[in-house]
Structure formats: structure tokens, C-alpha cells
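Trainee: The structure's right below; bear with me while I get my questions together.
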Amino acid sequence: MDNRPVGFFDSGLGGLNSIPYLNKLLPEEKVIYFGDTARTPYGSKAISTIKSFSIQIADFLVKNNVKMIVIACNTVSSTCVEMLQERYPDIPVVGIIEPAARAISRKCSVQNKIGIIGTKVTIQSGAYKKLIRRYNRDLQIFETACPAFVPLIEEGIVHNDIMDLTIRYYMDDFVLRDRLDTIVLGCTHYPLIRSNIERLYPDLQIINPSEEIVYRIKEILEEKDMLAGESDTENIFYASDLSENFINMINTIFKGVDMHVEFKNLEPDSV
Ligand code: DGL
């Protein structure tokens, strides 16, 4: 048994989309989350910048005695997993893409046409393709970056025509031309527009990495005999900037979730 918290981080608050799934699957586990809201988005930054921010945050989590590091961000996972695994050889470090790749290979066959959507960095890295091929070389994979989704979602422009048009701008050709039947939400923010995508393309199977990662967390904690028991510690959520937009996003993600949510503001410089 290990009651230390699980460390989660993301470029912002989109990574919070995984927390309700974790809470449901492993209710005893406590979380320390860091959202780099002051410096988000990472999705079109230079890889060297993403790497140095990630080291800063992961070091902060390790200083806070986490038993595991979960990279909830697709962009960071596509560029920094190996670097962070080498830096912390004694702590399991898991990225969001590998568990998603496993789920894709389990849920799809060679008949499926699978579309990955994500940030520019994630798509340019080819990480999804590479990791999916590790499990099944024959799956048909198509990828496209949708860089305008994140800023619109952060502005709360979600359930309206502007978002629908933007989705159609990026996805109509992609889905219809290539006759895709499966879409992978390869960015932490995209679960928030899942219902739009389902309405616009009702026949698509949707795979949500923010959910898939929690099954991998459970597997690792079980393998290493590190599951938590009952304790009275609380989840702690740190963000480097708590703007109104982000508070609204938190409220959307945690709507109807029965858990204690307390945010602490932390300057990126003090991380
Ligand atoms: N968290 C990022 C991801 O999953 C999206 C936001 C950003 O660009 O930083 O790729």
C-alpha cells in the first residue's frame, strides 16, 4: 500500500478531464495536479521550451513526494516521456499517448480508418502513429492538427455555431474524404467538444485518451503494489494562473463530480 499522491500535470487545465475517471476507478487515490495555465498553450511552442517547462513541473511534483508522474498533456507526452523517464528512474512516469495507443489497437481492426486530432506539436511528432504501430502495424491511421480548437474552448465558445463551423472546417474533409470511422481526441481539451463531434458525425467511434490513461495508472499501481488505502489527505490542484476562463473550465469539467476541489495559485517561477 502506498498513500502518497499521484502527480498529474498538463500545460493547463484540460488534463483535469482525466481526474473524474480516476476518482471513479480508484476512489482512494489522491492527486497533486499542476496546470501550467500561465504558459499554456504548449501545442505550438518549440520542443525545447516544452521540455524545459516539463522538467520544472515534474521536479516540483517529485519534491511534493508523488509516487508516480502522469503526463496528462498530449503535447508533452508526444515530446518528453522518455526524457522524464530517464530523469526519474525510481518513479513510474506515464504519458497519455501510450495507453491511448493500446486502447486503439484493442478497439480497432484493420478495417477501421482511424483519425487522430491534436495540437500541431502532437501531430508533427508522429507519436500516436509510432505508438499505435507498436501494437498493430496494419491499422490505417490519418492525422490532422486542429490548432483553433483550444483557444475557442478556453473562451467557452463551445455549444454554438462558431465551434460547429470550426469543427467542420478541420474535420469535414478529413472525416469524409478519408471515410474515417474512428476519431481519437488527441488533446486534453477535446473531450469538451465531444458532444459537438458526435452530433456532427454521428457514425464515428470516439476514443478518449483522457479516460484510457486511468486504466493504465491502475495497472501500474497494482503491478508495483502501490495502490492507496483509505486516508484523510486531500487532492491538491495547483495552477500557475487562475484566470476567469480557467475557473469556468474547472466548473465545466467538475460539474456533477462529487469530490473536493481546491485550487492554489503558484507562480511558474516558484515551481
Ligand atoms: N494540453 C494540450 C494537449 O493535450 C492542449 C493545450 C496546449 O496546447 O497546451 O495537447
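The values are calculated or read from the model by the stated rules, or taken from the named source; none is laboratory data. Computed from a prediction, not measured in an experiment: that's the story for all the values here. Because the Cβ atoms are built from the backbone with ideal geometry, glycine has one as well, and the counts that use them run over all protein chains shown. For accessibility, only protein heavy atoms count, side chains too; no ligands or nucleic acids. Shrake-Rupley method; radii C 1.70, N 1.55, O 1.52, S 1.80 Å.
Trainee: Looking at Ile183, is it farther than 23 Å from Asp36 by Cα and assigned to a helix (DSSP H, G or I)?
Mentor: Considered against the rule, which asks whether it is farther than 23 Å from Asp36 by Cα and assigned to a helix (DSSP H, G or I), Ile183 comes out as no.
Trainee: Pairs, please: C-beta under 7 Å, at least 6 apart or cross-chain, first residue within 21 Å of Asn64 (Cβ to Cβ) and in region 27-50, second open to solvent by less than 10 Å² (accessible area, probe 1.4 Å) and of a type in the set (Asp, Glu)?
Mentor: Gly35/Asp10
Trainee: In region 1-30, which residue that is aliphatic (A, V, I, L, M) and modelled with pLDDT under 95 is most open to solvent (accessible area, probe 1.4 Å)?
Mentor: Restricting to residues being aliphatic (A, V, I, L, M) and modelled with pLDDT under 95, the top hit is Met1.
Trainee: Of everything in region 144-180, what is under 19 Å from Tyr201 (Cβ atoms), open to solvent by 50 Å² or more (accessible area, probe 1.4 Å) and within 22 Å of the chain's Cα centre (by Cα)? Give them in sequence order.
Mentor: Listed by number, the list holds a single entry, His159.
Trainee: May I ask you to say which residue of Leu192, Leu200 is closer than 25 Å to Val94 by Cβ and either more than 16 Å from the ligand (Cβ to nearest atom) or surrounded by 19 or more Cβ atoms within 10 Å (Cβ to Cβ) (or both)?
Mentor: Of the residues listed, the single one that is closer than 25 Å to Val94 by Cβ and either more than 16 Å from the ligand (Cβ to nearest atom) or surrounded by 19 or more Cβ atoms within 10 Å (Cβ to Cβ) (or both) is Leu192.
Trainee: Given the conditions (1) touching an Asp or Glu at 6+ places or on another chain (Cβ under 6 Å); (2) part of a helix (DSSP H, G or I); (3) open to solvent by 30 Å² or more (accessible area, probe 1.4 Å); (4) not aromatic (Phe, Trp, Tyr), and given that Ala103 satisfies all but one, which numbered condition is not satisfied?
Mentor: Going through the list (1) touching an Asp or Glu at 6+ places or on another chain (Cβ under 6 Å); (2) part of a helix (DSSP H, G or I); (3) open to solvent by 30 Å² or more (accessible area, probe 1.4 Å); (4) not aromatic (Phe, Trp, Tyr), Ala103 breaks only (3).
Trainee: Within 15 Å of the ligand (Cβ to nearest atom), in contact (Cβ under 8 Å) with a residue 12 or more places away in the chain, within 30 Å of Gly256 (Cβ to Cβ) and touching a helix residue (DSSP H, G or I) at 6+ places or on another chain (Cβ under 9 Å): is that true of Phe53 in this structure?
Mentor: Details: within 15 Å of the ligand (Cβ to nearest atom): yes; in contact (Cβ under 8 Å) with a residue 12 or more places away in the chain: yes; within 30 Å of Gly256 (Cβ to Cβ): no; touching a helix residue (DSSP H, G or I) at 6+ places or on another chain (Cβ under 9 Å): yes.
It is false that Phe53 is within 15 Å of the ligand (Cβ to nearest atom), in contact (Cβ under 8 Å) with a residue 12 or more places away in the chain, within 30 Å of Gly256 (Cβ to Cβ) and touching a helix residue (DSSP H, G or I) at 6+ places or on another chain (Cβ under 9 Å).
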